[in-house]
Each structure stands twice: as structure tokens, then as C-alpha cells.
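The values are calculated or read from the model by the stated rules, or taken from the named source; none is laboratory data. Since we're looking at a predicted model, the values are computed, not measured. FYI the Cβ positions are ideal-geometry reconstructions off the backbone, even for glycines, and counts take in every protein chain you see.
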Amino acid sequence: MADPRETTIVFGTAGHIDHGKTALIKALSGVDCDRLIEEKKRGITIELGFAPLELPSGRIISIIDVPGHERFIRQMVAGAAGIDAVIFVVAADEGVMPQSREHLEILSLLGIKEGLVAITKADLVDEDTLELAKLDVKDLVKGTFLEDKPIICVSAITGMNLDHLLEVIDATVDKLRARDTDGPFFMPIDRSFPIAGFGTVVTGTVYKGKIHVDDTVDVLPLGKTSKVRSIQVHGKPVSEALAGQRSALNLPDVKSTELERGDVVCTKNLFKTTQCLDVKLILLSSASEPLKHWQQVHFHIGTSEVMARAALLSDAKITPGNDALAQAVLSEPVVALIGQRFVIRSHAPLRTIGGGEVLFPYDKKPKGRKARNELAGFLNKLASTSSLTSKITAIIERYGLLQFSEAVTLTQQTPQQLEDMLKSIAKDLSVMFIECGDQPLVMSSAYYEAIKDNLRSLLEQFHKKNPHLAGMKASDLISFMKLPLTKKQSQELLKMLASHGVIEVDGEIARLSGTFPELDESMLEDIERLLAYCDERGFQFPSLEEAMKELKWDKGKLNRVLDVVRQSGQLRVIGGEFLLSRNVENQALTILRSLSEITIASVRDATNASRKYILPLLEDFDARGITRRVGDKRVLLKKILRYNLICKSPKAYRLS
């Protein structure tokens, strides 16, 4: 036998009560999974049990032993929900029993695809009875995932065929695909208890991802965070736990009394709770009656059990053997994965009637027929593909515009995973990924096209109303478009639009591509008069009122001319009232470079201007990053040395 080595594979037992599941595991592994006093006293399994099992290849897998009694179906589902394959147990002396059938239905609903059948207690019956048990099993599994899977007759007492059973389990492991260890960490809790001096320990099967000692995790729906002090796999300390392993985590920041079965330990700041799941709902053929819209059911997902309403999107009911798109509206919050399987049981009588798959975990009830139809279309997209890329594209298309952090939560991908995927998808322009430092944006192509159409319409109206202007202030354009973006995000979006030839952006001005301001001779003359007047006044900057009086213009005319020269960078309004031409500004910059120290007094003396003018000039330079105030002095920043080179040049105007 090879040296023992841990794997990331979990097997589970299933079958009717008292068919020998626990005894079989003890015979195979040496571990008695019935640890509770009541279990010993009553001779039945009540809670989940766990054991490591070393295979002939040297691989060590995890085994979950589940209760067989119908009263403990919740525990059975909690255990079976985390397994990769099943050892389905039927006793030779009793054959197939009611819980044999229900357990097999549950396993099918949970999406289990691999396993084998162990006919136990083979030493208690004769050959004819054993053959009848085999026929009974074959009839039970016909048409299920266990059809054509190995059937091994064993005895936990005599050891009959146990070596062969181990070989079959070993061969089954070869068929199983390892779970995703690269994604976010997700482990539903099936047990929690305190250890003196260490705090709370929680156990569970890691569904996906990995966790390391000293990582910080969320515990939901509890809503607490904790550092992982230590990790054990099969009772041995390890530095990390991987998807597909039975793990115990020491969470010192959470009290065991606060936890419930169904809480989830997961990657910090990635998952959130929900009470409305979009699902594909399957009603078993064995169900005694149709499932009606808004019918109350017991909803089992992960290790959780909550009451729920089945909200059907189109039909008033689902008939046995059929499926439908629906929502599960829960009485309590849970944490669920995209693609996670679930089981539903009728309220009265208590019986497994169906289950299905979570298509999207975070939703709300649609209001009105249009909303229901849109939701149905979205769910059809999710249900019709197994491609993660296609599912993520569908989610982004539904929302249109998302902050990257929102997209991480909605798609349940790590930030790096999602960024890599979006950049790949963006190559065919099905989605847009806009990098904005630590606040990237995610946008569907349809939303982007709608933005382009809206932007064109706004700019066409603006150019028509203001033909004399070079364009619209970019900040005003974004404001009119009513997009929930930061300044940086707005700038990056405009850059993308410009790179695609939709608009041209010049500093703070945006315009439709190929559009130029059209100025008549009268406007050009007015511009020259205003600039000449400002140059003539020098450092005695004219106020708006003085300019109107000197040029004999009304307020409307001055504002029209100011719009043009301010956009072209030929003039600025400083201090809220003074006009500063570019020529005078350049003279001021030359003076600043010549001064040994820059103060209001030194600039005032050098320009022969009063504090009334110098203070707003220096404050404007401070605001623009040309100077920086240090106490009563100012320092000229390095960018000033090339300021004249990057200052906007006069626009090319088209004479109308």
C-alpha cells in the first residue's frame, strides 16, 4: 500500500434505518460514527458522523454517516449535500424500504452522479434471499444515477467482501473531479462546540475554495467575522483546508452559542444573505399531487432548513415529474451558491417532493407581468447554459451597470477571477470592463449602446442650441446622463467613448466627433475686444461688471462670449468675479519663477497690483496645483516649468 495522503473527496452513506451504515463505516475505517450517548442507548444514528477512510491506493477520503430514520431527514440532507459520491446501503434481510427510496430521491435531487450499492448483513441470509435483495436493489436504482453502478454484498461482522468494497470505492474516486479550490471559500457548518482555552470550533465540508490559518472569514447569516486560529482535517493540524475536505476551524471571535447548523463560514466581504432565490424547481414523479404556486414547503440547502414559499413564474402549479422556473421565498435568510442544489419537502405530510438548482441567489419578487416575463427570460438564460462565462454575462446584462465590487458579490467570484474573466469576455464586446483605479466598472454591451445613444442625443441638442461653443462640460454631460458614477469613473467612461470614436474630449470639454464651433465675424470681433481689454488691464484684473460697462455689453452677451473664451482656455474667471486672460496669466507665471520667495507681498510688489487682485490669483493657482501654500509662503510646483506647453491652445473655429 502506498503512503497515506489526504484527498479532497467526500463519500456519504445513505439508506434505511438499521440497515448497517454505521457498522459498515466502523468495519472499514475503525471509527464509530455514533458518538452521542443517546445514539449508543437507542442503537440508531441521530446526528451526522464523520470518519477518514484510507483506501488501497493510499488515498484518504472523508466519509459522512447520515441517519436513516425518517424523522432525521434534515440531518441526512445536511450531510448528503456536501458529498461527491455515495455508498448506498440496503440490508440483505430487509431489502428496499421506504427510506431507501426517499434517500435515493434526495441524492438524485442533490445532483450526486457517482456511487455504489453495498448490500449489508449478507452473512444473515441464504443465497436465494441475497439474490432477491440484489434484484430488489436493481429495480430501485433503474433509471437513476446508480443504475449499472457496482453492487457489492458485504458483512461488517465477518468482513465478507470488505476488501473488494474498498477497491470499488478506490476506483470510484478515480472517476470524480476535484472541486474548485481557486474560488472563494464556502463551508456550511454542520457542527459547532467550544474548547476550553481555544474558543469555538466549527466543522463542515468545504464546498469550494480554500482557507488558511490566520485568514479572516465571515460567518453568515450570523453577521460576524473571525480570524481562523487553527485548522484540522481528520483530526490533524494543517495550514490550509481545501474544497472537498472535511474540516474543523477554530474561530475564537464567535461564541458557539451564537451559531446554528446552516450558518456558513465564507470569504470575507464576498457573500451576502438572501431570502429570495431564483431556482429551477423539479417535482418528483413520486409526489402525490401537484405543487401549487405559493405553496409552503420545507426548504433544505447546504446544512440549512427553513420554511419557504414556492413562487411559480408562469404556471399555477407543477405536476409530478415536471420542472419549472420559480422563486423560493424564504422565511429566514440563508447563504447560497450559484448552482447549489436543494431539496423541498411537503409541510403535511412531511415527505420529500422535489428540489432543484439555485440559478441566482439574490433577487426580489417581480411586480407585474412585464417584470415576471423579464425574470423568466433571465432565468432561461441561466438554466440553458453550463458555461460560467455565459452565466456571468447574463447577470451583467440583467443589471446593465455595476460597480465592480457589486459584480463580485452577484457573480460570487473572487476579484481577481472576475477581473480576468471580464477582460476575456470584453474582447468580443459582450461586456465592458472599465478600469478606474480601485473602483472599476462593469457594463453590458446593451447598456453601453444605450449610453452612446443618450450621449449623442444630449450633445446633438447642445450643439444645436450652442453652435458657438466647442462642446459641453464633461461634468455637465455626465450629470445630464444621470449615471451613478464617481468623477474618476465618469472620466474613464468618456475616455472609452472617445477611444471608440463616439465623442472627442479636450480637457473638460466633450463634443460629438467631427463637430466644430461655428462663429460669425461679429463673435470673433467680440472675442478679440474682450481679450484685448483684459490684456490692457494687466494685473488690475477687470471684474465682470467693469467689462460689461467698458464694452457696453449686456449680461447675456458677456456670458456668450465668456463661454467661448473659457472653453478655449483663453480666459479664466478667478475669485468669482475677475477676468484673467491667458497672456496675463503667463506673465504672472514668469514673475513667480523669478521670485526668491512667493508671498502675497512679494507678488504684489512685483506686479504693482493690490492684494485685492493678487490674493484670488494665488488662490486660483493653489486650486489648480500650480502652487502650494506653506504657511504664509507658496512654492512653485515642478509642473509649472512645463505649464506653458500643456496649456490649451486656441481652438480652431469654423466661420459660419
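Tabulated values for the structure
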quantity	calculated
Any hit, segment 566-579, residues being over 20 Å from GLY507 (Cβ atoms), touching a residue at least 24 places away in the same chain (Cβ under 8 Å) and polar (S, T, N, Q)	no
Residue ranges of helices (runs of 4 or more DSSP H) in segment 542-607 with at least 2 members out of contact with any helix residue (DSSP H, G or I) (no Cβ under 7 Å at 6 or more places or on another chain) and acidic (Asp, Glu)	544-551
Of residues in segment 27-55 being part of a helix (DSSP H, G or I) and in contact with a strand residue (DSSP E or B) (Cβ under 8 Å, 6 or more places away or on another chain), the one modelled with the highest pLDDT	LEU28
Every pair of residues 6+ apart whose Cβ atoms lie under 6 Å, when the first sits in segment 20-42 and is polar (S, T, N, Q) while the second is modelled with pLDDT of 85 or more and crowded, with 19+ Cβ neighbours inside 10 Å	SER29/ALA51; SER29/LEU53
Meets criteria (within 20 Å of SER304 (Cα to Cα) and touching a residue at least 12 places away in the same chain (Cβ under 8 Å)) for VAL206	yes
Every residue from segment 510-530 that is within 16 Å of ASN559 (Cβ to Cβ) and assigned to a helix (DSSP H, G or I)	SER522, MET523, ASP526, ILE527, ARG529, LEU530
Of all residues in segment 216-238 being in contact (Cβ under 8 Å) with a residue 24 or more places away in the chain and among the charged types (D, E, K, R), the one that is nearest to GLN340 (Cα to Cα)	ASP218
Failed item, numbered, when ILE195 is tested on (1) assigned by TED's automatic domain parsing to the domain that holds THR257; (2) of a type in the set (Val, Ile, Thr); (3) surrounded by 14 or more Cβ atoms within 10 Å (Cβ to Cβ)	(3)
Out of VAL233, VAL238, sole residue that is surrounded by 20 or more Cβ atoms within 10 Å (Cβ to Cβ) and of a type outside the set (Ser, Thr, Tyr)	VAL233
Flag for GLN489 being outside any strand (DSSP E or B) and under 21 Å from PRO440 (Cβ atoms)	yes
Qualifying residue in segment 377-392 (condition: modelled with pLDDT of 95 or more and touching a Pro at 6+ places or on another chain (Cβ under 6 Å))	no
Where a residue in segment 439-464 is of a type in the set (D, E, K, R) and its partner, wherever it lies, is not in a loop (DSSP other than H, G, I, E, B), with Cβ under 7 Å and at least six apart	LYS452/LEU497; ARG456/LEU512; GLU460/LEU512
Filter pass, ALA324 being of a type in the set (Gly, Ala, Ser), closer than 29 Å to LEU48 by Cβ and modelled with pLDDT of 95 or more	no
Given (1) at pLDDT 95 or above; (2) small (Gly, Ala, Ser); (3) on the phi > 0 side of the Ramachandran plot, number of the condition GLY235 does not satisfy	(1)
Residue list for segment 502-536, restricted to those being closer than 30 Å to ARG611 by Cβ and surrounded by 19 or more Cβ atoms within 10 Å (Cβ to Cβ)	LEU530, LEU531, CYS534
Positions within segment 115-129 being buried (at least 18 other Cβ atoms within 10 Å of the Cβ) and not β-branched (Val, Ile, Thr), in sequence order	GLY115, LEU116, ALA118, LYS121, ALA122
